[in-house]
1. Packing-wise, with mean Cβ within 10 Å as the measure, how do 859-871, 750-762 rank, highest first?
2. What shape does segment 723-794 take by its C-alpha gyration tensor, where a ≥ b ≥ c are the square roots of the eigenvalues and a/c under 1.5 counts as rounded, a/b above b/c as prolate, and the rest as oblate?
3. Just how far, in whole angstrom, is segment 388-419 from segment 180-259 if you go by their alpha carbon centroids?
4. Provide the per residue accessible area, probe 1.4 Å, for segment 166-245, rounded to a whole number of square angstrom.
5. Just to confirm my numbers, what's the Cα centroid distance between segment 577-642 and segment 1-68 in Å?
6. So what's the angle, to the nearest 10 degrees on a 0 to 90 scale, between helix 669-686 and the longest Cα principal axis of the chain?
7. How big, in percent, is the set of alpha carbon pairs in segment 630-736 lying more than 23 Å apart?
8. How would Glu127, Glu495, Glu784 rank on accessible area, largest to smallest, probe 1.4 Å?
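The values are calculated or read from the model by the stated rules, or taken from the named source; none is laboratory data. Since the model is a prediction, treat every value here as computed from it, not as a measurement. No Cβ is skipped: glycine too gets one built from the backbone with ideal geometry, and neighbour counts run over all protein chains shown. The area values use the complete protein model at the heavy-atom level, side chains included, leaving out ligands, DNA and RNA. Shrake-Rupley method; radii C 1.70, N 1.55, O 1.52, S 1.80 Å.
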Amino acid sequence: MDIPSKYNPKLTEDKWYAYWLKHKFFRSVPDQREAYTIVIPPPNVTGVLHMGHMLNNTIQDILVRRARMLGKNACWVPGTDHASIATEARVVDKLRKEGIEKSSLSREEFLKHAWEWKNKHGGIILEQLKKLGASCDWDRTRFTMDESLSESVINVFIDLYKKGKIYRGVRMVNWDPQAKTAVSDEEVIYKEVQSKLYYVRYKISDDSGYVTIATTRPETILGDTAVCVNPGDERYKHLKGKKVYIPLINRLVPVIQDDYVDMEFGTGCLKITPAHDENDYEIGIRHNLESIDIFNDDGTLSEQAQLYVGKDRFEVRKLIVKELEEKGHIVKIEDYINKVGYSERTDAVIEPKLSMQWFLKMKELAQPALDNVMNDNIRLHPAKFKNTYRHWMENVKDWCISRQLWWGHRIPAYYLPGSNKFVIAKSAEEALELAKAETGNKNLKISDLRQDEDVLDTWFSSWLWPISVFDTLPNPQNEDIKYYYPTNDLITAPEILFFWVARMIIAGYEYLGEKPFKNVYLTGIVRDTQKRKMSKSLGNSPDPLELIEKYSADGVRVGMLLCSPAGNDLLFDESLPEQGRNFANKIWNAFRLIKGWETDENLQQPDYASQGVTWFGERLKMAVIEIDKNFNQFRISEALMNVYRLFWDDFSSWYLEIVKPEYQKPIDLITYRATLEIFDIMLKLLHPFMPFITEEIWHYIAERTKGASIMNVPMPSAEKYDKKIVSRFDNAKEVIGFIRNTRADKRIPNKEKLSLLIKAKTYRNDFDPVIIKLGNLSELSFTEDKIVGAVSLIVKSGEYYLPLGDLVDHKEEILKMQQELDYTRGFLSSVMKKLSNERFVNHAPENVVDMERRKKEDAENKIKALEDRIKSLQ
């Protein structure tokens, strides 16, 4: 087959992805093999591919492809999340552009529009993942509002309600005035903002003066129901039992005492607004204070505010400050930096608000999920996140699971006529029977009942994801769940460790009595070179599909992993996928070089080629061990670098230089076949990282059977390697580097042959033919004599000399050796410090201690040789 001079990823990627799909290589069904399972973190159905998806799904695909090649039955389950808030916002925006307000539609009419939007746009991101090379079992694609998944969500709600875990009540929640719904604590993003601290004075009711409070939110003064001081604050002892007037509205409220107040903050005197601050709410409960909700759901002021009714809260802030100043209530205004909560979904400023919501009690449910992460039954990678996880789980609060939306799983609560009492049921028909039994009224009709308008938090469906994708709850003994659960690895981001990962673990133990996955690999955040999180608003996030178009899917995959160790942020710029593309071109060009060699079956294999093949065989075994170790420790970027360096440095820069024939001359058949076999092995190691180019070259290397693929051939397995051969070749590389550097320093042409003399008590000449070839030597011989007029190198206990006559400056040589001697003595000193540390010697792994002892011996030998050489030249 003719091999194109340049690699064309556009043709290659489409061709091979279609081939993989045609032959159903991604399909998985239970069989006798060991299962390897990953469930995709379902992207929002509204989403398109962004850089975070690229990193996350590249890692998942690497793990899945590697598992296939290790002989496992790999199953990667794809799907999307219905994303209540984001999707409803998209649909409302679309309707508004068409001149339709949501308020003009019935729930059923709105949902019809929502499903139409989902069916049109909902699969975009999954199609985009195919461009990346994602080897998902597409036949298993799920959606969190599929019928069976929805049934599971409702059944879990009913089950938890019956267990007494779900309740309804008025609580302080995070209110998103733009989406007009409650959001969870984890969906609130806190940002540092430049604010103002307003010092406002309240008149004491007995005309004895004023008290001054400090607030960043003067608009909430209209909801104040107390002023609070610390009981230990001597400045305010005189206020005990007194009352003050709220400015502008003259509401008379008590002065109360509570240890919560920080005497050092502001004036040490705190306004209390129980309806609009979580801490004030807790104080209000302790002191039995009235709660006055001054905000409407959209963030405008309500009738209860008395002033500025119907105006937006931020407009009111400006107006009320102006009025307070005019009426003499403002003492001073200071610049102030504070953290303000924003909705993750809409970026609206969150409003703490008292609201009737549904809650799930978490403390008891969370305990197994805490225990099984802390005891490493489920492992977090990197393990540093265990402390964060423990803090969250030990301080877990009840989960607000209701959302004031229409798109999502509607809460299965049905209210009795003219009452706030309700029954919980799977269907209206079942609810009717329960309602009849509850009321004793056999004449009730379904139309008499009113289903709760709210839907469940999106996370209340996705916490079941590893269970529900296998239809577990409707069919608990099905073959899939018995075979694929628990899944193996979850790849996700640290920011959803609590409100998705932890909750999935909770659900796994609650409903299957088993962990949902064995390992959680936490990726970092993709940032730009200024360390800013990539976002559309900043304009610093490249389009992943454009990157793939420019640098190839393989190039982008490699680029994403070149600097993304687990848990650490990835500082991305386009030099990374460019480096990935260059690596692909390096692989292609190396392959073309090899296939371009002519062979001669009558040629004997030269010694240098035989030694090169022997060395690289051992280096390859060493690399497989390193790669396996890094994968086992979830050091996936490091595993890539193992393969990258193996190919770029060891194979291309050394092995090919050793074995390649002279210009326009043939190569012997033994070396040629060995080289292709080595290349084939490296393609297998590279395939999980770079699936497209490896598939393309694998089919060029040899004739393949119909329907064959590199993804289905066994991954090279770890074997013991000869450390001595690898070490001796490292010594040979040092000698060759010495010869090349000497040529460069002395401006000796490469074509001019040199002689190399060796002085050593013991010497293994395993790689002398390689040194002769790559150093372009006329001879390599041994000497016991004092060498004059030569540059020298000391490797281990061997001394190497290049006689160069007048080209050698003795003073310069002595200076170089003295510098090397000083460095080696410093190195020996650092090694000795380690070996004199009893804790290190007694507790470090034996092989690590042995390595330090070998370093000591080598350094001592080198110091002796350098001292002798310097002495001989003086």
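1. Top of the packing list down: 859-871, 750-762.
2. Cα axes put segment 723-794 in the oblate bin.
3. Here the two parts' Cα centres lie 31 Å apart.
4. Heavy-atom SASA per residue in segment 166-245 reads 42 Å².
5. Taking the Cα centre of each part, segment 577-642 and segment 1-68 sit 24 Å apart.
6. Tilt relative to the chain: about 10 degrees.
7. Values: 2230 of 5671 pairs.
Percentage above 23 Å: 39.
8. So, going from the largest accessible area down, we get Glu784, Glu127, Glu495.
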